[in-house]
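Laboratory data are not the source of any read-out in this text; all were calculated from the coordinates shown. All figures in this text were calculated on a predicted structure; none of them were measured in a lab. Don't worry about glycine lacking a Cβ; one is built from the backbone with ideal geometry, like all the others, and counts go over all protein chains shown.
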Amino acid sequence: MKKSLTLFAAVFLSAAVTSAGPQPQPGTILSQASVACGAKKSKKKDIDVLCQQYVLRSGTTDYTIRQPKPSDQTLIPINTAIQFTLDKNKVKFKVNGKSFEFIVVGQAAASAAAATPASPAPNR
């Protein structure tokens, strides 16, 4: 009885450890825009601070992601294929050896035409 209980506990715990953490997903950066993400006071004026915002497509879902801080001004090239992890409202990935962490600010279904490759026209 003790052996079967110990075996069951070991199997249960090993399954919990292997399923922990988000799994990497493939995706592509579709577009980039600079958006206002705060303001900075300079003497008598407020100056808008810009952050980079991207659209990331993964399968049939488009994620709109934004820099958490405006300090990092590295631009990610459009049509860059990435492997990312999605954990709650954060997306983490690497491009050219540099790690990035973005906040998910929107999510939408990819359009049917964009999500499926176009079929060739029939020959007549």
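Brief remarks follow.
- Extension gain, S34 to Q73, is 13.0 nm, computed as 0.36 nm per intervening residue step minus the present C-alpha separation.
- Working from Cα pairs under 8 Å separated by at least six residues, relative contact order for the stretch 24-114 is 30 percent.
- Environment charge at V55 (Cβ cut-off 11 Å; Lys +1, Arg +1, Asp -1, Glu -1): +1
- Here the spin labels are modelled as points 7 Å beyond Cα on the Cα-Cβ line, and at Q107 and S58 they lie 0.9 nm apart.
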